[in-house]
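*Asks:* Below is one structure. I have some questions about it.
The values are calculated or read from the model by the stated rules, or taken from the named source; none is laboratory data. Only a predicted model underlies this, so the values are computations on that prediction, with no experimental measurement involved. Glycine also receives a Cβ, built like all others from the backbone with ideal geometry; neighbour counts cover every protein chain displayed.
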Amino acid sequence: MRFVPARQEQRLPEADHQGLAIAELVNGTAPTPERIARFIDEHDFPIVEGTKCTFVFQAEARGVTLRHWVYGLPTAVPLSRVPGTDLWYYVLELPEGSRVEYKFEVSAGRQSDWIRDPLNPRVAHDPFGANSVCHAAGYETPDWIKEDPSTPKGSLEERVIHSRALEGQRSVTLYRPARYRESRRYPLLVVHDGRDYVRFASLTTVLDNLIHRLDIPGLIVALTQPADRMEQYRDSAAHARYLAEELVPTLEADLPLIGAPAGRGLMGASLGAVASLSTTIRYPKVFGRLLLQSGSFAFSDIGDHDRGPVYDPIADMVNRYRADPFPVAERVFVSCGTHESLIYENRSLVPLLERTGMDVRYVEARDGHNWENWRDRLREGLAFLFPGPQWWVYY
Amino acid sequence: MKSSRIVLLGPQGDEPTLAAVVRDLRLPGPVATIRAGWQEWESDDAALQSQLEGAALPLELYARAERVWSADPELRVAHREMQADLRILRNLYNRQLEPAAEAWMALLDADGPERLLDPEREAALEAIQRIDGRHLRTIQDVQGDFQARMRPLERPAVARERTEIARELGRAAVVVVEGGHAAVLYNRMALFGLPDLLAGKTVIGCSAGAMVLCRRVVLYNDAPAIGRGHAEVGLGGFGLAPGLVALPDAGRRLRLGDRARLRRLALRLAPDQCALLDPGARLDWDGVSWSGSRSRRVEVDGTVTPWGHAA
């Protein structure tokens, strides 16, 4: 659906904005350019005051719209212009702990551009570019996602696997933990969209930190990247065969891996979560540990699902599994953002998984369908699947 | 067994104090070192060698145990089975501990007449202590059964290594037990019957090394990735350091500002004292009493005080 911006009104802050910085700035009259400059200088943007987040934009424009991806709210809301100025604002109420990615759509002349918030240095990247990020009250960036010079670093190695299932060469990046020893036996974690996890969810830094902090044991991680994501990730038998019959046996023949279901994990986000579940359904108990983030688990209770034909193979798979669920792993971690439309599908999946007797942990966050949401859940998810020796090791 | 002296130290990573302590002891000869807690990294002891200026005499308990497992597969299998049983027992213990700890916390926070609440709170505490005590006894029963069935010290592969260890220890008046994985450390020391070989030595325990010298190895982490972080009685220790529970790296692992939480820990582990061994901390046992330097303890009201001299 194409969004048609509402008429951009010149508006003073409303009664329920009383006490907010924007209301104090305006205070019934148009602030001078000097006051506006000072206001911008003195605040971080968006301004977070309790549950109210004030988005601010300054420029001459025909209209400015806040574009975000919070399911349940209008995804496009017009900012109001403070009368007599070039200052625009919008007050959005966000529950504690929320994290919201957004852009401004700025209309000037006949042109309309989506831009990041020039007043906000917080940016989150994804394969499509980058968004500005609003941290609502109570959201804290985890300390374990930051690179720490004192943390020993793992190493990366590129490998090529010849796949009969996928009829060609497939490259995989192997992560080995710091202080790697051939004499140890390591768990193996296979990651869908591995390079994206590294680029956009700081996966190698997270692994380095979690291993160093003993939240998880040293892991060998196979970072896979699909040649054709839409083909391979939508319940593809060839993809599942590649992982279970080619990649895992090849790595286990060559590396000091535990080589048992409890020592094998498979994970992914979005369609990558679908590919993970699909693989374990086709090869139950090859992977004893399963991590599913914001899975695109389309299904229908009656009639057709409403996500479009692209999701047909996924809905067929999920519907089949819903009709005849069985344990596909020993432990499953499922996470989803409450700002995602997929929250319904993910919530629906959890009791189904639990009914099979698998050990399931489900976590929701006030976040959207994005890589930093998936990053922020990695500590809990990985520590649930592969508990580290933190309780036992004292340096 | 009688040790002439026990010294407990905090972590040695950022602020190593071992060299100064060894100098302070004024005992001649090499210093025997136990680094089995570091597992495959046992032999990476350059920092320790440097601290001890080349006087370190590595006992290599982890490597010796690996040799024993290769030479005596029956013992290895039995040991693995014992460890598998202990993992199951830990899970069963935690299933009891968590609700008991939550119930106690709820009662401590409950409003109502103190004359009615206090006996209930005491009963809740006793329930946790009973669970702790029973878990410890069960662990010791499993370990005792392994010893009785397998008689490891009488098996050639173990006896051979133990003879060499005893010979090495004969040259050293001081033994350093370093940190790492507390259970691995304990198991390797127990496998070779180390406590009896330490008689008459001065034993310095650092971090996890300090923990295994106490009567109980208490595991703790106030900010775990999963769960509420209720401290666990993980193992029985060797009981060489009487009257306390060693809590190394406490400043990082415990929420020292949370007095209610610390109070619960101190009450639960009483009559043992909770000894906080942060970097630079030192506690000395002279056979009669403890004296401390830069170490602290948790009082039963949840306050943290410098050790001074323990009763």
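*Asks:* For B:Arg35, only one of the following conditions fails: (1) more than 14 Å from chain A (Cβ to nearest Cβ); (2) touching an Asp or Glu at 6+ places or on another chain (Cβ under 9 Å); (3) under 29 Å from B:Val233 (Cβ atoms). What is its number?
*Replies:* Of everything listed in (1) more than 14 Å from chain A (Cβ to nearest Cβ); (2) touching an Asp or Glu at 6+ places or on another chain (Cβ under 9 Å); (3) under 29 Å from B:Val233 (Cβ atoms), B:Arg35 misses just condition (1).
*Asks:* Okay, next question. Which of the residues spanning the stretch B:47-71 are buried (at least 16 other Cβ atoms within 10 Å of the Cβ), part of a loop (DSSP other than H, G, I, E, B) and not aliphatic (A, V, I, L, M)?
*Replies:* Of everything in the stretch B:47-71, just one residue is buried (at least 16 other Cβ atoms within 10 Å of the Cβ), part of a loop (DSSP other than H, G, I, E, B) and not aliphatic (A, V, I, L, M), namely B:Glu60.
*Asks:* A:Arg116 - would you say it is among the basic types (Lys, Arg) and more than 26 Å from A:Cys336 (Cα to Cα)?
*Replies:* No.
*Asks:* Tell me which residues, restricted to the stretch A:344-395, are over 26 Å from B:Val233 (Cβ atoms), part of a loop (DSSP other than H, G, I, E, B) and within 14 Å of chain B (Cβ to nearest Cβ).
*Replies:* Of everything in the stretch A:344-395, just one residue is over 26 Å from B:Val233 (Cβ atoms), part of a loop (DSSP other than H, G, I, E, B) and within 14 Å of chain B (Cβ to nearest Cβ), namely A:Arg377.
*Asks:* Test A:Glu157 against the criterion of being out of contact with any helix residue (DSSP H, G or I) (no Cβ under 7 Å at 6 or more places or on another chain), modelled with pLDDT of 95 or more and in a strand (DSSP E or B), and give yes or no.
*Replies:* So A:Glu157 passes the test.
*Asks:* Looking at (1) under 30 Å from A:Lys52 (Cα atoms); (2) within 19 Å of the chain's Cα centre (by Cα); (3) away from every other protein chain (no Cβ under 14 Å), which one does A:Ala137 not meet, given that it meets all the others?
*Replies:* The single condition A:Ala137 does not satisfy is (2).
*Asks:* Also: I want to confirm something. Restricting to the stretch A:312-336 and keeping residues that are in contact (Cβ under 8 Å) with a residue 60 or more places away in the chain and in a helix (DSSP H, G or I), which single residue is farthest from A:Gly272 (Cα to Cα)?
*Replies:* Among residues in the stretch A:312-336 that are in contact (Cβ under 8 Å) with a residue 60 or more places away in the chain and in a helix (DSSP H, G or I), the one farthest from A:Gly272 (Cα to Cα) is A:Asp316.
*Asks:* Failed condition for A:Glu182, given (1) under 22 Å from A:Ala260 (Cβ atoms); (2) acidic (Asp, Glu); (3) away from chain B (no Cβ under 14 Å), with all others met?
*Replies:* Unmet condition: (3).
*Asks:* List the number of the failed condition for A:Leu119; all other conditions in (1) under 29 Å from A:Glu246 (Cβ atoms); (2) touching a Phe, Trp or Tyr at 6+ places or on another chain (Cβ under 6 Å); (3) among the hydrophobic types (A, V, I, L, M, F, W, C) hold.
*Replies:* (1)
*Asks:* Separate question: Here are the criteria: (1) surrounded by fewer than 16 Cβ atoms within 10 Å (Cβ to Cβ); (2) more than 29 Å from B:Ser43 (Cβ to Cβ); (3) out of contact with any strand residue (DSSP E or B) (no Cβ under 7 Å at 6 or more places or on another chain). Tell me which single one A:Trp144 does not satisfy.
*Replies:* Going through (1) surrounded by fewer than 16 Cβ atoms within 10 Å (Cβ to Cβ); (2) more than 29 Å from B:Ser43 (Cβ to Cβ); (3) out of contact with any strand residue (DSSP E or B) (no Cβ under 7 Å at 6 or more places or on another chain) one by one, A:Trp144 breaks only (1).
*Asks:* Moving on to the next point. Could you grab me the full set of residues in the stretch A:210-242 that are touching a Phe, Trp or Tyr at 6+ places or on another chain (Cβ under 7 Å), within 24 Å of A:Ala130 (Cβ to Cβ) and surrounded by fewer than 22 Cβ atoms within 10 Å (Cβ to Cβ)?
*Replies:* Correct list: A:Pro226 only.
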